[in-house]
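Let me begin by presenting the structure, written as structure tokens, before commenting on it.
Computed from the coordinates by the stated procedures, all read-outs in this text should not be read as laboratory data. Fair warning: this is a prediction, and the values are worked out from it, not measured in the lab. When we count neighbours, we look across all protein chains shown, and the Cβ atoms used for this are built from the backbone with ideal geometry, even at glycine.
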């Protein structure tokens, strides 16, 4: 790894920590430079805008989450891989709620540009793992055939992301939001029920 790449990775790491703890909107480039120990010109030279830095931070976090949580190799059947895949949302919800808060803010403020396409590419391994588990489940008879599995994947993962983002916001507004973990578990049970053969 070059010195330049090491510096870029370090900036992304520090920025990610700040975005997770303080929120994207609150963190300024100046805050990042003070923690990193470089000038603002350095940040802008590598990322050109704060938005690009946020996108690169999101990409790095998505890669780290995938590596840490989405190894499905220990599960042996298609449905057990699917259960592991969906239960990872619950693990992340319990262990890293700040990640869902970050994604909630990220979704609401980031505008489309070239760097956002790179972030989208980061999400492709999640879908590939999912499709591999689905195809295994069709072969081993543990998963029902779904007419449009990509639509099912997007719908179910967006629903889980949505509920996790809502429940990890700083304040619980409605009494019904107090179920937290149980809501996530219930949604996972519903999804698995649809997938699992009788």
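For the pair residue 181 and residue 42 in one chain, pulling the backbone fully straight at 0.36 nm per residue adds 45.8 nm over the alpha carbon distance. Please work out the FRET efficiency for the pair residue 155 and residue 196, using the Cβ-Cβ distance as r and a Förster radius of 25 Å; give the result to the nearest 0.05. It comes to 0.90. How many percent of all Cα-Cα pairs in region 60-122 sit more than 19 Å apart? Percentage above 19 Å: 42.
Expressed in nm to one decimal, what extension gain is obtained for the pair residue 107 and residue 51 from 0.36 nm per residue of sequence separation less their Cα-Cα distance?
Working: separation 56, 0.36 × 56 = 20.16 nm, distance 1.19 nm.
Additional length available on full extension: 19.0 nm.
Each 10 Å bin from zero holds the following percent of Cα-Cα pairs in the chain: 8, 31, 31, 20, 8, 1, 0. In plain terms, the residue of 151, 72 with the fewest other Cβ atoms within 10 Å comes first and the most crowded comes last, giving 151, 72.
Annotation: the residues 109, 65, 191, sorted from fewest to most other C-beta atoms within 10 Å of their own C-beta, follow the order 109, 65, 191.
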